[in-house]
Amino acid sequence: MLSLTQAAAKSHNDFQILPDLFPSLAHEGIRFRRGQLTMIAGQPNAGKSLFALWIAVHMKVPTLYISADTDAYTTAIRASAMVTGHTTNTVEEAFTTGDGKDFYESELSTLTHLQFDFAPSPTLDEVDLAIRAYAESYGEYPHVIIVDNAMNVVSMQGDEWSGLREIAKAMHHIARETDAAVLLLHHTSEAEGKADMPPSRKSIQGKIAQLPEMILTVALVSDTGEYRVAAVKNRFARNSPTGEHFVTLWSDASRMSLYSDRAAQAISQSWRSMQ
């Protein structure tokens, strides 16, 4: 048992806020906290993995990325584009021909805070084993654990929806046990809403929205590069269950990059065009 005073003292360590990468998100109370579960959900091609990998690369805190949905080769190309600002086509050409591959491998070697597990269909026991192996290797649990995505994790429950609920419960438990910020990526229904708008909370598949402290739904507007993030659930700040209130970031998918505003996107693209 803990008194509220003891709980407040404990929360200083266990529920600390991780570095904010985008002021506009922080202004809306969209902040990632250790010891808590956040779900990032959206339709296919909404940029869920882009957002998660950007966080993993740029937050620069000890991170374990369970990448069940994306293979090692693709992830290496995407991360190389993120850290160099080069296009994924340029990076893949270097990987394929070997001309310049050493440069990208050197750039990736700077991401010492980030470790991956690429098992394509991990069970919950295997996810737990990967986390404990990380702790054994580094002497602490990761500060961030990303699971990409829920549909790829294998549950022992009989039906799909029961399995998803078991996975969500397990991730919530892992966040509390390890004091890590756990980010669980998940799909929303394609039958509801527009592809360029963040989906509503009720569109999350499997009805597993009860456990996460925060749920973000995302949408990528490919024509303009707008990347829309809605907090459809947030225990610490304003939330918009319908997804109608959202924060707009800006993206360059060819370089796997995200920007705080359109001006930063335009400046970056202009500068890179001269390189």
**Conditions (1) free of Cβ contacts under 8 Å to residues at least 12 places away in the same chain; (2) open to solvent by less than 60 Å² (accessible area, probe 1.4 Å); (3) at positive phi; number of the one not met by D179** = (1)
**Prompt:** Say we look at region 78-113 and pick out the residues that are over 10 Å from R255 (Cβ atoms) and charged (D, E, K, R); which of these is least open to solvent (accessible area, probe 1.4 Å)?
**Reply:** E107
**Candidate set from region 160-176 (those that are touching a helix residue (DSSP H, G or I) at 6+ places or on another chain (Cβ under 9 Å) and open to solvent by 10 Å² or more (accessible area, probe 1.4 Å)); member that is farthest from R33 (Cα to Cα)** = E160
**Asked** For region 176-198, how many residues are part of a loop (DSSP other than H, G, I, E, B) and either of a type in the set (A, V, I, L, M) or at pLDDT 95 or above (or both)?
**Response** 6
**Asked** Does V91 meet the test of being assigned to a helix (DSSP H, G or I), among the hydrophobic types (A, V, I, L, M, F, W, C) and within 17 Å of the chain's Cα centre (by Cα)?
**Response** no
**Request:** Tell me which residues, restricted to region 129-169, are of a type in the set (V, I, T) and assigned to a strand (DSSP E or B).
**Result:** V144, I145, I146, V147, V154
**Prompt:** Taking region 195-213 on its own, how many of its residues are surrounded by 22 or more Cβ atoms within 10 Å (Cβ to Cβ) and farther than 14 Å from G243 by Cβ?
**Reply:** 2
**Fill in**
The one condition L50 fails out of (1) more than 18 Å from T70 (Cβ to Cβ); (2) touching a residue at least 24 places away in the same chain (Cβ under 8 Å); (3) open to solvent by 10 Å² or more (accessible area, probe 1.4 Å) is (1)
**Prompt:** Among all residue pairs at least 6 apart or on different chains, which show Cβ distances below 7 Å where the first residue, located in region 60-73, is touching a residue at least 12 places away in the same chain (Cβ under 8 Å) and the second is open to solvent by 30 Å² or more (accessible area, probe 1.4 Å) and hydroxyl-bearing (S, T, Y)?
**Reply:** P62/Y138; A68/S121
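The values are calculated or read from the model by the stated rules, or taken from the named source; none is laboratory data. Everything numeric in this text was worked out from a predicted model, so none of it was measured. Neighbour counts are summed over all protein chains in view; Cβ atoms, including those assigned to glycine, are modelled from backbone coordinates with ideal geometry. Just so you know, the surface numbers come from the protein's heavy atoms only, side chains and all, with ligands and any DNA or RNA stripped out. Shrake-Rupley method; radii C 1.70, N 1.55, O 1.52, S 1.80 Å.
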